[in-house]
Amino acid sequence: GSCSNLGDAQARRLGIRIRSKEKGNYLAHTLNNTVVAPPRMLIAFLENNLNADGSVTIPKPLQMYMGGKEVIKK
């Protein structure tokens, strides 16, 4: 696989921003990679974390990156 750092170029085009109390809002930096195909990774994630009501349980190791959120609801 390969991986390249696109800096904020892709985030600028897509309007992807990060909210931070310390730094305010700023553009995310993105990676382009073929190490893990994102659609396959997302399918595996949903297969393992999708609940009957359509919500998605966020695994404990990822909750810190989701602002402490435990579940994503519709």
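The values are calculated or read from the model by the stated rules, or taken from the named source; none is laboratory data. Please read all numbers here as calculations on a predicted model, not as lab measurements. FYI the Cβ positions are ideal-geometry reconstructions off the backbone, even for glycines, and counts take in every protein chain you see.
In the set (1) more than 21 Å from residue 17 (Cβ to Cβ); (2) surrounded by 13 or more Cβ atoms within 10 Å (Cβ to Cβ), residue 72 fails one condition alone, (1).
The set of residues in region 10-35 that are at pLDDT below 90, over 19 Å from residue 65 (Cα atoms) and of a type in the set (A, V, I, L, M, F, W, C) contains only 35. All told, residue 48 falls short of being surrounded by 13 or more Cβ atoms within 10 Å (Cβ to Cβ) and out of contact with any helix residue (DSSP H, G or I) (no Cβ under 8 Å at 6 or more places or on another chain).
Let's see how each residue does on (1) without any contact (Cβ under 8 Å) to a residue 24 or more places away in the chain; (2) among the hydroxyl-bearing types (Ser, Thr, Tyr):
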site	(1), (2)
14	yes, no
29	no, no
41	yes, no
50	yes, no
55	yes, yes
